[in-house]
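The values are calculated or read from the model by the stated rules, or taken from the named source; none is laboratory data. It should be emphasised that the depicted structure is a prediction, and the values quoted were computed from it without experimental measurement. Quick reminder, even Gly has a Cβ in these numbers, built from the backbone with ideal geometry, and neighbours come from all protein chains shown.
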């Protein structure tokens with residue numbers, strides 16, 4: 001297994017010939033594709049170029065603030081392996097450059113947060129550069145699907161293709177969410193529910209919803225402190241926190257309601 005990342009430094013630049021030499025390949029042709037899966041290794045290596053040469057397939061890719069969104073290969077060869085990365089103990093590593101013929105910057109190991117599988121066109125994948133950012137980004141994506149909140153996401157344009165659009169709804173900062181998860185963890189602060197424990201870490205991937213203790217509209221223009229203004233909640237408790245129109249229940253109120261229900265013997269059936 002010649003491929004190793006022990007001597008590859010995050011933030012350093014490499015050309016394909018340099019990497020081929022480091023990994024013991026006879027030539028760089030072995031790693032000339034956009035998505036490389038070296039035989040006998042647990043690695044999926046992505047070489048992503050934003051501005052590609054005109055004669056190459058013009059995949060729509062974007063790498064912004066630690067979030068990578070790409071189109072998979074047209075032959076879909078690596079789709080399922082990318083999806084099953086966590087369950088198979090595989091690792092995805094990213095080399096990125098803004099323009100062709102430039103060296104690639106090694107961005108380190110990345111983690112899948114979302115995907116859309118297609119059969120008639122390239123599938124779409126979304127990644128984050130670390131686990132905490134991945135958990136935060138995943139919560140935004142899932143909440144967008146379940147509650148109708150959209151953040152940075154791929155949406156179809158008038159020609160049926162997909163492009164990256166920015167939907168700014170007040171301040172739903174991915175960095176703030178990541179910090180809140182880093183500090184508070186991924187268990188619900190109200191009831192203690194943990195998605196990893198309930199559904200398995202391979203599927204849940206550290207998912208938890210992140211709750212604003214006060215309405216976002218009330219905090220417009222205020223510097224948000226992710227440690228005190230944001231807390232992780234399960235989907236049930238998050239919904240109940242917003243159950244009463246016009247106000248948000250505090251964490252203490254949620255806990256009191258749960259405690260009362262437990263004392264009365266109420267259980268979910």
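The test for being surrounded by 15 or more Cβ atoms within 10 Å (Cβ to Cβ), modelled with pLDDT of 60 or more, under 18 Å from the mean Cα position of the chain (by Cα) and assigned by TED's automatic domain parsing to the domain that holds residue 68 does not hold for residue 186.
The set of residues from the range 9-35 being modelled with pLDDT of 95 or more and under 23 Å from residue 68 (Cα atoms) comprises 9, 10, 11, 12, 13, 14, 15, 16, 19. For the range 61-86, residues that are under 15 Å from residue 124 (Cα atoms), in contact (Cβ under 8 Å) with a residue 60 or more places away in the chain and surrounded by fewer than 15 Cβ atoms within 10 Å (Cβ to Cβ) total 0. For residues that are out of contact with any helix residue (DSSP H, G or I) (no Cβ under 7 Å at 6 or more places or on another chain) and part of a helix (DSSP H, G or I), scanning just the range 199-218, find the one that is modelled with the highest pLDDT. Restricting to residues being out of contact with any helix residue (DSSP H, G or I) (no Cβ under 7 Å at 6 or more places or on another chain) and part of a helix (DSSP H, G or I), the top hit is 199. Checking the range 115-122 against the condition returns no match, with no residue being under 25 Å from residue 7 (Cα atoms) and either outside the structural domain of residue 37 (by TED's automatic domain parsing) or assigned to a strand (DSSP E or B) (or both).
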